[in-house]
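Colleague: Just passing along the structure, written as structure tokens.
The values are calculated or read from the model by the stated rules, or taken from the named source; none is laboratory data. All values derive from a computational prediction rather than experimental measurement. Cβ: placed from backbone, ideal geometry, glycine included. Neighbour counts: every protein chain shown. We work out accessible area using only protein heavy atoms, side chains counted, and drop any ligands, DNA or RNA first. Shrake-Rupley method; radii C 1.70, N 1.55, O 1.52, S 1.80 Å.
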Amino acid sequence: MTKQQHIGWDFNNSYTTLSERLFAKQLPAAVPNPKMVCFNNELANTLGLDFSTVSEDEKAQLFSGNLLPTGATPIAQAYAGHQFGHFTMLGDGRAILLGEHLSPNNKLFDIQLKGAGQTAFSRRGDGKATLRSMLREFLISEAMHHLGIPTSRSLAVVNTGEKVYREETHEGAVLTRVMSSHIRVGTFEYISNFLDVATLQDFTNYVIQRHYPELAKNANPPLALLKAVMDKQIDLVINWLRVGFIHGVMNTDNMSIAGETFDYGPCAFMNNYHPDTVFSSIDTQGRYAFGKQPEIVQWNLVCLAETLLPLIDKDADKAVKMAQELINSFPAIYQEKWWQMNGLKLGFTSISDKEKQLIEDLLSWMQNNQADYTNTYLAIANYHQQIDKKYTAPDFAQWHQRWEEALKTNNISLTSALNTMKQHNPAFIPRNHLVEQALDDVCLKKDATLFNDLLITGKSPYQAQANYKHLQTPPPDGDKGYKTFCGT
Ligand code: AMP
Ligand code: MG
């Protein structure tokens, strides 16, 4: 156990210098028989961590929480949040933050063990996670990263050798989640509701220093913070819409201040285009449906704004007015970026009313024809190699002709349009039926072939690969009945 000095951990642990009411010190629970299942070498390199002299056994000890990395100060973070619109006290119930590691390019990363046992915030939960759900998070979070979308990442999955009981008995696992921080809208809500304004001020200063240092000199840093988070979250949700990602549980405790996607519990990718698409078993009202996501981002930002009011201005009315003005600018900024994104998916670098009409007509066509969201853009680009009859039908052929004419009017060559499109339209997304099949194979048959193939295609999602063509095919019966579950 002496090899750790070569790994390169550089823990900073600034969170533990904040108010003691923001966290509870908590060691990870010991597990009986940890075995490495996945390890992300590329991410380890980015973090400046070298495990080449560390045995698989020792790695399993480290990433299960049995052995602490040198310099770690494990804590569970306190936070609250609006879950499906209702305010609740939460906190890390099964995640333990080992500390913040400083990477070679001077960036801080939270290193967190998810499924590492009970904490002061577990309520009735067991603090554990199943192998299946942690592998799912590993696969999808890494796919999101390579799609170019800000996200938490996954460094390792360890099988703990312990059983975890849900509706059925599962193998237990710990996932090492890496993120620029786990500070959420819900962290601000916790402080605003349960602590005092002085703590809120200190914490806000800390968040600005950590994530938006350029705002410290702003005339009104808390208002500037709200604006910065809004901009990041708009960009994030636009990215989700671009690739057909449905987060599934956009509660305020799952919305990061740094604008990164996280909490991969009930998320899924849309196959057939429809804005009402919902997969989460508990989202019975469709609050977090595909097309509702921007509206929910705005709703969550209102929650953040409310917590910041006392810092924005001592005069409460003035503070409300300033925050409101900012939040009211959301729809126009969002809408403009949404058009831009949709334009780029079709090869346009600027958008006029004519292109807007083309975009709207395409989306309606997809919705009315149960067309696959991902493959439709590939079909537009590879129009003369169709196998799917949908795309040779007269209505689509007509649309395609209008699109070609619009490119000409804009002086955009087909080659240049295709180049732009290739950067914005993935060939590979982790399709739900394949992800589930891969997890069945690993967990039930100990066969990681499909899981590894999905990791490979996920690493270069914009690049079609002839030998993985079968991973581009949607399920034959659409997504009928597909359901996802939270925190299993
Ligand atoms: P999530 O749905 O992952 O955002 O979790 C909501 C809340 O439930 C958070 O406070 C989690 O830490 C907590 N939680 C989820 N699963 C468990 C578990 N197995 N044991 C304890 N707490 C949990
Ligand atoms: Mg969560």
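Colleague: Picking from Gly161, Gly125, Gly148, Gly93, which residue would you name as being touching a residue at least 24 places away in the same chain (Cβ under 8 Å), more than 15 Å from ligand 2 (Cβ to nearest atom) and outside any strand (DSSP E or B)?
Modeller: Going through Gly161, Gly125, Gly148, Gly93 in turn, the sole match is Gly148.
Colleague: Among the residues that make up the range 246-259, is at least one of them more than 17 Å from His182 (Cβ to Cβ), within 11 Å of the chain's Cα centre (by Cα) and touching a residue at least 12 places away in the same chain (Cβ under 8 Å)?
Modeller: Within the range 246-259 (the criterion being more than 17 Å from His182 (Cβ to Cβ), within 11 Å of the chain's Cα centre (by Cα) and touching a residue at least 12 places away in the same chain (Cβ under 8 Å)), the answer is yes, since at least one residue qualifies.
Colleague: Shifting gears a bit: Return the only residue of Asn105, Asn66 being surrounded by fewer than 18 Cβ atoms within 10 Å (Cβ to Cβ) and either away from ligand 1 (no atom under 16 Å from the Cβ) or part of a helix (DSSP H, G or I) (or both).
Modeller: It is Asn105.
Colleague: From the list Asp235, Asp276, exactly one residue is in a helix (DSSP H, G or I), touching a Gly at 6+ places or on another chain (Cβ under 8 Å) and more than 16 Å from ligand 2 (Cβ to nearest atom). Which is it?
Modeller: Step by step, each of Asp235, Asp276 is checked, and only Asp235 is in a helix (DSSP H, G or I), touching a Gly at 6+ places or on another chain (Cβ under 8 Å) and more than 16 Å from ligand 2 (Cβ to nearest atom).
Colleague: Out of the residues in the range 464-485 meeting the condition of being open to solvent by 50 Å² or more (accessible area, probe 1.4 Å) and within 16 Å of ligand 1 (Cβ to nearest atom), tell me which one is nearest to the chain's Cα centre (by Cα).
Modeller: Phe485
Colleague: Just checking, how many residues over the range 69-84 are open to solvent by less than 10 Å² (accessible area, probe 1.4 Å), in contact with a helix residue (DSSP H, G or I) (Cβ under 9 Å, 6 or more places away or on another chain) and either within 30 Å of Asn300 (Cα to Cα) or within 16 Å of ligand 2 (Cβ to nearest atom) (or both)?
Modeller: The total comes to 5.
Colleague: Next up: Are there any pairs, at least 6 apart or on different chains, whose C-beta atoms fall under 7 Å, with the first in the range 341-358 and aromatic (Phe, Trp, Tyr) and the second in a helix (DSSP H, G or I) and open to solvent by less than 50 Å² (accessible area, probe 1.4 Å), and if so, which?
Modeller: Listed pairs, sorted by first residue: Phe348/Glu355.
Colleague: Can you go through Ala228, Ala224, Ala258 and tell me which one is within 20 Å of Tyr212 (Cα to Cα), open to solvent by 10 Å² or more (accessible area, probe 1.4 Å) and assigned to a loop (DSSP other than H, G, I, E, B)?
Modeller: Among Ala228, Ala224, Ala258, only Ala258 is within 20 Å of Tyr212 (Cα to Cα), open to solvent by 10 Å² or more (accessible area, probe 1.4 Å) and assigned to a loop (DSSP other than H, G, I, E, B).
Colleague: Can you find, within the range 218-247, the residue that is farthest from ligand 1 (Cβ to nearest atom) among those that are in contact with a Phe, Trp or Tyr (Cβ under 6 Å, 6 or more places away or on another chain) and of a type in the set (Gly, Ala, Ser)?
Modeller: By that ranking, first place goes to Ala228.
Colleague: Mind checking which residues of the range 449-463 are buried (at least 16 other Cβ atoms within 10 Å of the Cβ) and in a loop (DSSP other than H, G, I, E, B)?
Modeller: Pro461
Colleague: State yes or no: is Ile429 open to solvent by 30 Å² or more (accessible area, probe 1.4 Å) and in a loop (DSSP other than H, G, I, E, B)?
Modeller: No, not satisfied.
Colleague: Same structure again: Can you pull out the residues in the range 240-255 that are assigned to a loop (DSSP other than H, G, I, E, B), under 20 Å from Ser281 (Cβ atoms) and within 13 Å of ligand 2 (Cβ to nearest atom)?
Modeller: Listed by number, the residues that qualify are His247, Gly248, Val249, Met250, Asn251.
Colleague: Does at least one position in the range 310-317 carry a residue that is surrounded by fewer than 17 Cβ atoms within 10 Å (Cβ to Cβ), more than 24 Å from Asp253 (Cβ to Cβ) and in contact with a Leu (Cβ under 7 Å, 6 or more places away or on another chain)?
Modeller: yes
Colleague: Continuing with the same structure: Return the pairs, sorted by first residue and then second, in which the second residue is open to solvent by 30 Å² or more (accessible area, probe 1.4 Å) and within 11 Å of ligand 2 (Cβ to nearest atom), the first residue lies in the range 260-278 and is closer than 25 Å to Thr130 by Cβ, the beta carbons are less than 9 Å apart, and the residues are 6+ apart or on different chains.
Modeller: Between residues of the range 260-278 that are closer than 25 Å to Thr130 by Cβ and residues that are open to solvent by 30 Å² or more (accessible area, probe 1.4 Å) and within 11 Å of ligand 2 (Cβ to nearest atom), the close pairs are Asp263/Cys486; Asp263/Gly487; Gly265/Cys486; Gly265/Gly487; Pro266/Cys486; Pro266/Gly487.
Let's see how each residue does on (1) modelled with pLDDT of 95 or more; (2) open to solvent by less than 10 Å² (accessible area, probe 1.4 Å); (3) farther than 19 Å from Val37 by Cα:
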site	(1), (2), (3)
Arg136	yes, no, no
Leu139	yes, yes, no
Gly148	yes, no, yes
Thr151	yes, no, yes
Val158	yes, yes, no
Val164	yes, yes, no
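Colleague: Taking the range 261-278 only, how many residues are out of contact with any Ser or Thr (no Cβ under 6 Å at 6 or more places or on another chain), open to solvent by less than 10 Å² (accessible area, probe 1.4 Å) and either among the aromatic types (Phe, Trp, Tyr) or within 16 Å of ligand 1 (Cβ to nearest atom) (or both)?
Modeller: Residues that pass the stated criteria total 2.
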